[in-house]
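The values are calculated or read from the model by the stated rules, or taken from the named source; none is laboratory data. Keep in mind the model is a prediction, meaning the values are calculated, not measured. Note: ideal-geometry Cβ built from the backbone for every residue, glycine included; neighbour counts use all protein chains shown. Remember, those area values only see protein heavy atoms, side chains included, never the ligands or the DNA or RNA. Shrake-Rupley method; radii C 1.70, N 1.55, O 1.52, S 1.80 Å.
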Amino acid sequence: QLRLIEVLLYQIEQTLKKSSTQSAQQQRFQVLIRNVTKQLKLPWTVRSLAAELHMSEPQFYRLCKKETGNTPMKLITQARMGYACYLLRYTNYSLEQIADTVGYADSASFAHRLKQHYQLSPWRLRNH
């Protein structure tokens, strides 16, 4: 047990060091991304994300690409698809409920996007 405590303390220390070396802008970006992943139902756009950090759209796009390696919309789509996959596998929610939860207006466009993303239909993902 002592070894486990040492490992946990080390991980906490590393996390604190990392957050202290991040710029204020990087920290605000990380908080924004965490908030977005908790509110996938909202109709996020590059404009709305940039406005949250009081930046222009091109500035936000560059920051997102630098911090994550992805474009803002790709990052949001990945979060939506990941959560949708989780809901398909571990809940009995209908496709319509999942589509609504992750920010799609209708289940047909959601199912199409999900199939594009995973190369599997929603029903195969659910039973996979």
Inset, instruction - Taking mean projected area of the Cα convex hull in nm² as the quantity of interest, determine which of (i) 10.3; (ii) 9.4; (iii) 8.3 was computed from the displayed structure. - result: (i)
Inset, instruction - Keeping all protein chains in position, work out how much accessible area Leu4 exposes to a 1.4 Å probe, and write it in Å² to the nearest 10. - result: 110
Legend entry - At R0 = 22 Å, FRET efficiency that the Cβ-Cβ distance of Ser94 and Gln116 yields, to 0.05: 0.60
Legend entry - the chain: relative contact order in percent, alpha carbon pairs under 8 Å with at least 6 residues between: 19
Legend entry - Lysine pairs within the chain, Cα separation less than 16 Å, 8 or more sequence positions apart or different chains: 4
Inset, instruction - Measure off 7 Å from each Cα along the Cα-to-Cβ vector at His128 and Lys74, then give the distance between these two points in nanometres to one decimal. - result: 2.0
Legend entry - Pair Ser23, Thr37: separation of 7 Å Cα→Cβ label points (nm): 2.3
